[in-house]
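**Q** Quick one: the structure is below, questions incoming.
No value in this document is a laboratory result; all are computed from the given coordinates. The structure presented is a predicted model; accordingly, all values stated were derived computationally and were not measured. Neighbour counts run over all protein chains shown; Cβ positions are idealised from the backbone, glycine included.
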Amino acid sequence: MPTAVRSSLAPLDLLIPRPRACRLVGPSALAAAPLRAFARAHGLDSGAWVGHADELGLLHERDSALAAGGYRLSVPPAERSRVTLAASDDEGFRNARATLVQLARACFGPESGSTRDVLPACEIEDASALPIRGVMLDVSRLRVPTMTHLLGAIDQLALLKFNHVQLYIEHAFRYRGHEVISDGVSPVTPDELRRIDDHCRARGLTLAANQNCFGHMHRWLACERYADLAETHGQWYFQDMHRLGAFSLCPTDPRCLALVEDLVSQQLACVSSHLINVGCDETYDVGQGRSRDAVERHGRAHVYGSFVAQVCQRVIASGARPLFWADIALEHPEALDLLPDEAIALAWSYEPSAAFAQWCRTCRARGHETWVCPGTSSWRSITGRTSERRGNIARAVCEGLESGASGMLVCDWGDAGHLQQWPIGLHALAHAADAAWTGKPERDISRAESLQVFGDASLQVGSWLDAVGDADVDLRRAMATPPPGAVKLHNATVLFTSLWPAREGYVIPDDEAKWRATRERLAALADALPGDLSPLLRDQLEHTLRFATFAALVGEAQARGLRLPATWPADLDLVARDHVRLWHATSRPGGLAESASTFEILRTRLLARGR
């Protein structure tokens, strides 16, 4: 932790999520340093905190009147008194301890409102707006976190009062009998998944298994052993985009269900929750290959829904409960009627325009528990997308609460090589945590986040990250209303899209003023980067700025028909080298070569343009 919190804010103002009811009595006589030291050593491990409650001066009291997951925290002013944590369940005690640890962090130093390093005497009573507050981390877009990084990330999520975690799996799990799929990937092993499950449970988080069981199976179907399970290896259309090659399992081939049942059973054996996300999203190729006749006879909704229903039934027969991405079913709501009532619908979209209320009503009217699923907007961005992410999460929380959603699962994807740095996604997760807990997504959490998430005593890095995420916001707004015939930009920044367009049809704005404003913002942010950051965090954020600045220079040259900057090859080399170097700080080696090749593809394209 830093040596001083340089702020006149009271410690209660530096809590995230912000409690709904808190009263500051004054300084106590209870030292905060032992709590900080214990939290550094044990995180929020429930067994450790309960086992050392006496020496830490803690008293746990059961109070059945408190809401599930809610708590009351009392820090007395008197010396030799105990801090009282009251809750009706174990989750409530965990949430109370998270607040206590944050209080201890916030009162560190002479400028925290006290002349001594003691807890503030206070009364806090709190409960969450949404009962389930989850995070899904993508480990299948090349970047598989090291166990050290992953367990540390879980500790951060616990401190933010998330209570559900998933690791998105396509091929990055070491399945027995299917080892060829994960060779060279550095996959999560069964023993590691069990260890992750233990780590989550000790901190009050539920780990759900996760295996996409229908679409997004291209890495499986590219393998000769599984190739004949594909819907098609030919041409097909992903919405209105032309695609070539295998993507989804063929829903009319019974061998596909046998494969799915094997994969599901192996993952469920490693988690204690008896929950599994079976995916089944974006299966647009269904009906364009081997299942074409069945779709023509019975309709796409029936063919899709029947296959997903059989997947869900096999999960239920094993004693578990399925979750599924609801995008295809929401396009064909009659498919929802084919699914077992136990299946939880995950309604997702990552733009501020997402119709979460409508989707919740549709799914719940057909008997399905529903979670809203916004995104961190970190992928295909370099910097994140602050405005769109704020609008997306705000709509998910507000409409989810209004429409009876029982949870929120915020998704942090890694499309296009997982090129973004972890702090970009973590910054968004902090916003999502506060929004889902308080039900007030508009609240400014930047100073609390700076301290509690990033250890920044200056309390500046949260607002700095917000500014980085809107560096090219003027350009994004222009591409949100493109000229006739052009493609609207979504799920990406203009900076990223200038280098790696996801598809044809984009028209990158050639407005000199907008590009100049973007470059000026990035230059100002380089000068304003907070100084009191950990070495790794500073390294990651400096790389993010260099990467974004390179994208701005090259993107403007391409959009306006200018010559590329003379330094572009050296600049690209530096960005690529730093990507590789920083990858090793948080991620396993499998997938790195493929991710790094993204920069070589860009180099080839830029060289061709310069001829």
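**Q** Quick check on region 222-367: take the gyration tensor over C-alpha atoms, sort the square-rooted eigenvalues as a ≥ b ≥ c, and tell me if it's rounded (a/c under 1.5), prolate or oblate.
**A** Here region 222-367 falls in the oblate category.
**Q** Treating cross-link reach as a plain straight distance, find the lysines whose alpha-carbon is under 21 Å from the alpha-carbon of Lys440, omitting any fewer than eight places away in the same chain.
**A** The reachable lysines, counting only those whose Cα sits under 21 Å from Lys440, are Lys161.
**Q** For region 132-458, what is the charge dipole size about the Cα centre, in debye to the nearest 20, if Lys and Arg each add +1 at the Cβ and Asp and Glu each add -1 at the Cβ?
**A** Roughly 460 debye for region 132-458.
**Q** Given axes a ≥ b ≥ c from the Cα gyration tensor, I'd like to know whether region 572-611 is rounded (a/c under 1.5), prolate (a/b larger than b/c) or oblate.
**A** It is oblate, given that a/c is not under 1.5 and a/b is not larger than b/c.
**Q** Related question: Any lysines with Cα under 29 Å of the Lys514 Cα? List them, leaving off those in the same chain fewer than 8 positions away.
**A** Of all the lysines, those that pass the test against Lys514 - Cα under 29 Å, at least 8 places apart if same chain - are Lys488.
**Q** I'd like the Karplus ³J(HN,Hα) series for region 473-479: coefficients 6.51, -1.76, 1.60, θ = phi - 60°, whole numbers in Hz, and an x wherever there's a Gly or Pro.
**A** Once rounded to whole Hz, the list reads 4, 5, 5, 5, 5, 5, 7.
**Q** OK, next. In deg cm²/dmol and to the nearest 500, what is the mean residue ellipticity at 222 nm of the chain if only DSSP H runs of at least 4 residues count, each as -39500 (n - 2.57), divided by the residue total?
**A** -13500 deg cm²/dmol
**Q** Taking K and R as +1 and D and E as -1, what net charge do the other residues with C-beta under 13 Å from the C-beta of Ala343 add up to?
**A** 0
**Q** Hey, rough spin-label estimate for Arg201 and Arg225, points 7 angstrom out along Cα→Cβ, what's it come to in nanometres?
**A** Between Arg201 and Arg225, the simple spin-label model gives 3.0 nm.
**Q** From the Cα trace of region 11-126, what convex hull volume per residue do you get, rounded to a whole Å³?
**A** Measuring per residue, one finds 92 Å³ for the Cα hull of region 11-126.
**Q** Pop the C-beta distance of Asp527 and Ala355 into the FRET formula with R0 = 30 Å and round what comes out to the nearest 0.05.
**A** Step by step, r from the Cβ atoms, then E = 0.15.
**Q** Moving on to the next point. Rounded, prolate or oblate: which fits region 388-547, taking a ≥ b ≥ c as square roots of the Cα gyration tensor eigenvalues, rounded meaning a/c under 1.5, else prolate when a/b beats b/c?
**A** Judged from the Cα gyration tensor, region 388-547 comes out oblate (a/c at least 1.5, b/c at or above a/b).
**Q** Also: Given (i) 29.6, 93; (ii) 24.7, 78; (iii) 24.0, 74, which label gives Rg and Dmax of the Cα atoms in Å as computed from the coordinates?
**A** From the options (i) 29.6, 93; (ii) 24.7, 78; (iii) 24.0, 74, the structure gives (ii).
**Q** Count charges around Leu100 for me, please; just the other residues with Cβ under 11 Å from its Cβ, Lys/Arg as +1, Asp/Glu as -1.
**A** +4
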